[in-house]
Amino acid sequence: MPENKSFWERLQHSAIARNPILIQMLSVCTVMAAGTLKVALLLSVAFCAMFFVTQTLANLFMTRWKRYFRAAAYAAVGTLCALGIMLITEKIDPELAVNTGVYITMLAVSGITVLHCEKTAINVSFRESLQESVVRALGYCFVMVLVGSLRELLSFGALYGHVILPDFGIAFFAHPASTLLMLGFLAALLRIFVHRYGQQYVQEVALKISETPVLAAQPEPADAIPEDNGATVLPDDEDADEIPRPVDYMPLAVDEDATASQPDEITAQPAALEETQQSFEELMAELRQRYLDE
Amino acid sequence: MSAITEMIFIALYTVFIQNLVFTGGFGMGEALRIATKPRRFLIFAGLLTGFSALDTLVCAALYTIPALDALPTAYQLPINACVLLVLFLLVVLTVTIITKRRPMDKFLSTIGMAALNTLVFILPFLGRRSAFGLGGALAFGFGAGVAFLLALAVLRLGVNRIMESKAEIPHAFRGTPALFIYSALFSLAMVGLVGETLFA
C-alpha cells in the first residue's frame, strides 16, 4: 500500500477490497468461535489490543531482526497480551472467560498480525503502519461482530442476551460450521459490492496476497514478479475469479523466490511473467544498441 | 486396554471422529490457505504433525510437576507458548546449523508456518482438558497433525474441483466464497459423522 494515501482510501483497500477474513482467509478459526455478539465483541477487543501492541513493537524495534526471530516475537508478545486479557476477563465475567479463553489464546498467533507486521509495520513509518493497522482491525472486527450477531440471532433469537425473536432458534447456527457458510455468502456479497461500486478494486478482490520483502533495504530478486503482475484484468474477466493463491507466507511473510511461489493455474500469471521477461530483454537490447552504437 | 491400544484409539478418534479442523475450526484458516499450494502440502503437514506431537508431549510432561499442574488455566498459556517457541527456535537453529545455506530461508518459512499456527498452539490446552496422560497426549498431537493433513487433502480436492468447474459457478461465488461454502459442507458432513444434531 503506497504511502500518502488517505484514511478513506486505506479503508477501501485494506478493510473492504482486501478484507482479512473474507478475501485473505486469515484468522478464520477465531471467527468460527464467535457464537454470540458478546463473544464476538470480546474477541474483537482482544484482537485489537494484541494487534496494536505487536505492530507497534515490530515497527519500533524489530525491523532488523531475523525473520524467524520476529515470528517467535510476535507469538510471544501476543501470548503476553492474551494472558492479560484473560486475567481481566476472569475478573469481569468468569463464565465468559472459561468459554473464550481458548480462542483468545489463538489470537496470539493470528495470521492478520503476522501479515501486517511483515508486510507493513517493519517497512514503513509508524504513522503509516498505525493507519494501516487501524483499517485492517476495522475490517476484521466488522466481520467478526456481524457473524457473531447473525449467529446469535439465528440460533437463539437473541442479541447480546436480549431476546428479540421469542420461540425462534435454529440449532445449526450455533455450530461453528455455520460460520463458514456465512463467510461464503458474505464474501460473495463483498464481491458483488466491489464489482458494482469499486471497479478499481476488482483485481484485489479476485486474487492474491502479494509478497513483500522483509526489510525495506533488501532488494527484490531479479525474477520477482511485480505486485500488479502487469496483467490487465477486466471486471468481468473470468480469470479474475480464481481462488486467491496465498503464497508463501503466513505467518512468515517473505518468500524471496517470488517466481516459484506464484500459482500456475491463474491464466494471467504466465502472461505477466512473459511480459516481464520480454520487457527486460527488450530493455537490454535497447541498452546494448544504444551504448554499442555510441 | 493397553497403553498402545489406547494411543491408537485416541489418534484415530482425533483424526476421523473429532477432526479438530472441521468440527472445531482450529487451524481452518491455515488449512484453507495451504490447500491452494500443492508444492508445500506434504512438507507442511509433516512438520505440523511433528510440532503438534512434540508440543503436546512436552507440555503434558511439564504438567506432571505438581506446582505447574496447580496453576490456573490462564497461567498455563505462557507456559504452553514458551514450550512451542523453544521447540520452534531449536528446530530453526538446527536447520540453520546443518544447512548453512541461505536458500533454506523458504524451508525456514515453512517451519514457522507449521509451528506457529492456531492448531498447534491450542493442542496443549485441549489435551489438558481431556486429561490425557503422556501417551495419550502424544497420540492426540499426532492425530491432530494427521487430521490436519486429511483436511488439507479434502480441501485440495475441493480447490481442484472448484477450479475445474469455474464456469458453472455463479460469478459472485467464484474464488473464496466457493471455497468457504465447500469447507462448510464438509464440516457439516464431519459433524454428521460424529452424530451431533444440527437442526433440533
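Give me a comma-separated list of calculated 3J(HN,Hα) values for the range B:139-153, in order, Karplus coefficients 6.51, -1.76, 1.60 applied at θ = phi - 60°, integers in Hz, x for any Gly or Pro.
Once rounded to whole Hz, the list reads 5, 4, x, 5, x, 5, x, 5, 4, 5, 4, 4, 4, 4, 4.
Compare the Cα positions of B:Ile65, B:Thr5, B:Gly175 along the charge dipole of chain B (+1 at Cβ of Lys, Arg; -1 at Cβ of Asp, Glu; about the Cα centre) and return the one farthest towards the positive end.
Toward the positive end, the furthest listed residue is B:Gly175.
Highest GNM mean-square fluctuation, chain B, Cα pairs closer than 10 Å: which of B:Ile111, B:Ile181, B:Ile34?
In the Gaussian network model the winner is B:Ile181.
Let me see the P(r) profile for the range A:1-88: every Cα-Cα distance counted, bins of 10 Å, each bin given as a percent of all pairs.
14, 35, 40, 11, 0
A:Arg288 accessible area, nearest 10 Å², 1.4 Å probe?
140 Å²
About the Cα centre of the range B:3-155, what is the dipole size in debye to 20, counting +1 per Lys and Arg Cβ and -1 per Asp and Glu Cβ, all else neutral? Display every interim value, and only then the final one.
Values: 10 positive and 5 negative charges, 136 e Å.
Approximately 660 debye in magnitude.
Can you list residues from other chains, or at least 5 along the same chain, whose modelled amide H is less than 5 Å from the amide H of A:Leu159?
HN-HN under 5 Å from A:Leu159: A:Ile164.
Please enumerate, by chain and number, the lysines with C-alpha under 21 Å from the C-alpha of B:Lys100, excluding those fewer than 8 residues away in the same chain.
A:Lys66
In Å², rounded to the nearest 100, what is the total accessible surface buried by chains A and B against each other with a 1.4 Å probe? Write out the running numbers ahead of the final one.
Values: alone 15700 and 11360 Å², together 21110 Å².
Buried area between the two chains comes out at roughly 6000 Å².
Under 12 Å from the Cβ of A:Leu11, count the other residues' Cβ atoms, weight Lys and Arg +1, Asp and Glu -1, and hand me the total. Each step should come with its number before you reach the end.
On the way: positive: A:Lys5, A:Arg10, A:Arg18, A:Arg136; negative: A:Glu9, A:Glu132.
Result for the local shell: +2.
Please state the Cα pair-distance histogram of the range B:3-155 with 10 angstrom bins from zero: what percent is in each bin?
Binned Cα distances yield the sequence 12, 41, 34, 13, 1.
With a 1.4 Å probe and all protein chains left in place, how much accessible area per residue does the range B:3-155 have, in Å²? Please list the in-between numbers first.
On the way: 5880 Å² over 153 residues.
Value for the range B:3-155: 38 Å² per residue.
May I have the convex hull volume per residue, in Å³, for the Cα set of the range B:40-123?
On the way: hull volume 7.2 nm³, N = 84.
Cα convex hull per residue, to the nearest whole number: 86 Å³.
Given the rule -39500 (n - 2.57) for each run of at least 4 DSSP H residues, summed and divided by the residues of chain B, what is its mean residue ellipticity at 222 nm, to the nearest 500 deg cm²/dmol? Walk me through the numbers before you get to the answer.
Numbers: 9 runs with 143 residues, N = 200.
Rounded to the nearest 500, the figure is -23500 deg cm²/dmol.
In the full protein assembly as shown, how much of A:Asp93 is accessible to a 1.4 Å probe, in Å² to the nearest 10?
Accessible surface of A:Asp93 is approximately 40 Å².
Work from the charge dipole of the range B:46-200 (Cβ charges, +1 for Lys and Arg, -1 for Asp and Glu, about the Cα centre) and give the residue of B:Ser187, B:Leu150, B:Val92 farthest towards its positive end.
B:Val92
What distance in nm lies between label points placed 7 Å from Cα along the C-beta direction at A:Ile192 and B:Cys82?
Using points 7 Å along Cα→Cβ, the separation is 5.2 nm.
Given 10 Å bins starting at zero, what is the percent of C-alpha pairs of the range A:41-195 in each, up to the one with the largest pair distance?
Result, from short to long distances: 10, 32, 33, 20, 5, 1 percent.
Please give the residues of the range B:97-139, grouped as numeric ranges, whose backbone N is less than 18 Å from a label point set 7 Å along the Cα-to-Cβ vector of B:Asp69.
B:124-138
Separation between the B:Val194 and A:Tyr160 pseudo-spin-labels, each 7 Å from Cα along Cα→Cβ, expressed in nm?
That separation, rounded to one decimal, is 3.0 nm.
Arrange the residues A:Cys81, B:Cys82 by how much accessible surface each exposes, largest first, with a 1.4 angstrom probe.
Numbers: A:Cys81 25, B:Cys82 75 Å².
Largest accessible area first, the residues go B:Cys82, A:Cys81.
Assign one of three labels to the range B:7-55, namely rounded, prolate or oblate, based on the Cα gyration tensor with a ≥ b ≥ c the square roots of its eigenvalues; rounded applies when a/c is under 1.5, prolate when it is not and a/b is larger than b/c, and oblate otherwise.
Numbers: a/c = 2.20, a/b = 1.40, b/c = 1.57.
Since a/c reaches 1.5 but b/c is at least a/b, the shape of the range B:7-55 is classed as oblate.
The values are calculated or read from the model by the stated rules, or taken from the named source; none is laboratory data. Keep in mind that this is a model prediction, so the values were computed, not measured. No Cβ is skipped: glycine too gets one built from the backbone with ideal geometry, and neighbour counts run over all protein chains shown. When the accessible area is computed, the model is the full protein with side chains, heavy atoms only, and any ligands, DNA or RNA have been set aside. Shrake-Rupley method; radii C 1.70, N 1.55, O 1.52, S 1.80 Å.
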